[in-house]
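The values are calculated or read from the model by the stated rules, or taken from the named source; none is laboratory data. None of the values given here were measured: they were computed from a predicted structure. As a convention, Cβ positions derive from the backbone with ideal geometry for all residues, glycine included, and neighbour counts pool all protein chains shown. When the accessible area is computed, the model is the full protein with side chains, heavy atoms only, and any ligands, DNA or RNA have been set aside. Shrake-Rupley method; radii C 1.70, N 1.55, O 1.52, S 1.80 Å.
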Amino acid sequence: MQHLVSDTSLGGPVEQAPEARSRAQRSALIRLIVSRILGAVFVLWAAVTLTFLAVHATPGDTVSLLLGQNRDDPVLRARTIARWGLDHPLWYQYLLYLVRIPTGDLGVSYTFSRPVTELLAESIGPTLQLAGAATVGAVIIAYLITLGTSTRLRRLRPVSQVIELVLLSAPAFWIGIVLLLVLSFKLGWFSIVDPNSPQALVLPALSLALPIGCYLAQILRDGADRAMEQPFALTSRSRGLSESRVYAGHALKHGTVPVITVLGLIIGSLIGGAVVVEQVFGRAGLGQIAVQAVNVKDVPLILGVTIVATAAFVIASTLVDVAALAIDPRLRAASTARS
């Protein structure tokens with residue numbers, strides 16, 4: 001039994017059978033993942049290359065920075081240069097590093113004299129924990145702001161928009177310092193003495209979540225307002241639903257798709273923001289080792305941190321694209337039509 005709804009001989013559109021539509025959707029998802037993998041390889045190569053060039057273009061001699069007060073000792077200089085292979089040309093060091101990346105060998109840190117992969121494995125946990133908490137907090141803040149300034153509470157929007165602008169303009173480390181002074185030192189609500197306690201995670205995560213949440217709230221509110229003007233919103237009102245229920249139950253869902261897309265781009269930058277905030281609150285993580293690596297031009301460790309941050313961005317972007325396809329049927333239909 002055929003599943004075609006209209007005949008092609010009559011020039012009408014042909015609806016795909018459920019099986020064919022399912023195959024087309026799977027094909028679109030596979031193409032998306034393959035293209036993302038190829039794109040990830042290129043992005044990682046570009047990030048490593050640019051970071052390698054930038055580190056070597058900055059002033060300062062790596063050997064002198066490593067030796068400190070013993071920088072003028074010719075024996076120590078020669079020994080250090082030979083140990084880390086710094087006597088090879090830059091192009092050779094660069095190609096050697098690229099060849100080792102697929103094997104998981106990211107070199108040995110000049111500063112810690114330990115494999116970079118070990119240092120990253122030890123430090124990435126707290127940073128990912130902070131970035132994850134900040135992401136969840138930003139989404140919650142965005143929805144609370146949007147719902148708090150919708151329909152019946154629309155008069156609060158001007159005040160909310162001023163606060164959003166202030167927080168968006170402030171860097172995360174400044175927000176962190178203010179939160180630390182007020183909520184921890186002055187009021188004593190949160191303690192940061194024990195870095196492993198849940199309390200110690202609240203203020204750093206809030207420092208990152210506040211500006212991002214305000215930015216997401218603007219996108220979510222704009223998308224929800226546009227959705228309220230669509231025919232489906234009028235249909236919902238004609239069925240007796242209140243403005244608040246239409247807004248919260250239907251409009252917010254349509255406004256969520258652009259939020260998810262932007263969130264995927266922001267998650268990558270959250271890793272960089274977490275590195276800075278970790279310094280403000282004295283948290284362990286990639287921030288601690290990144291600062292030490294930059295101070296002495298520890299090239300393997302700097303490149304390792306770069307790879308982690310870039311990989312986080314690529315993975316987050318891929319997951320966001322898949323989530324957008326799952327949420328928005330229009331995107332699924334478009335991807336199916338392209339297949």
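Per-structure values
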quantity: Check on ALA284, among the hydrophobic types (A, V, I, L, M, F, W, C), surrounded by fewer than 19 Cβ atoms within 10 Å (Cβ to Cβ) and under 22 Å from SER184 (Cβ atoms); calculated: yes
quantity: Residue within segment 62-78 that is at pLDDT 70 or above and either touching a Ser or Thr at 6+ places or on another chain (Cβ under 7 Å) or surrounded by fewer than 12 Cβ atoms within 10 Å (Cβ to Cβ) (or both) present; calculated: no
quantity: Meets criteria (farther than 29 Å from LEU90 by Cα and open to solvent by 20 Å² or more (accessible area, probe 1.4 Å)) for GLN279; calculated: yes
quantity: Every pair of residues 6+ apart whose Cβ atoms lie under 9 Å, when the first sits in segment 159-173 and is open to solvent by 60 Å² or more (accessible area, probe 1.4 Å) while the second is aromatic (Phe, Trp, Tyr) and part of a helix (DSSP H, G or I); calculated: LEU168/TYR215
quantity: Test: residue in segment 196-204 that is under 18 Å from GLY272 (Cβ atoms) and at pLDDT 85 or above; calculated: yes
quantity: From THR261, THR310, THR256, residue being at pLDDT below 80 and open to solvent by less than 60 Å² (accessible area, probe 1.4 Å); calculated: THR256
quantity: Condition met for SER113 (more than 17 Å from the chain's Cα centre (by Cα), small (Gly, Ala, Ser) and open to solvent by 40 Å² or more (accessible area, probe 1.4 Å)); calculated: yes
quantity: Selection count where residues are assigned to a loop (DSSP other than H, G, I, E, B), of a type outside the set (A, V, I, L, M) and open to solvent by less than 60 Å² (accessible area, probe 1.4 Å), scope segment 88-110; calculated: 4
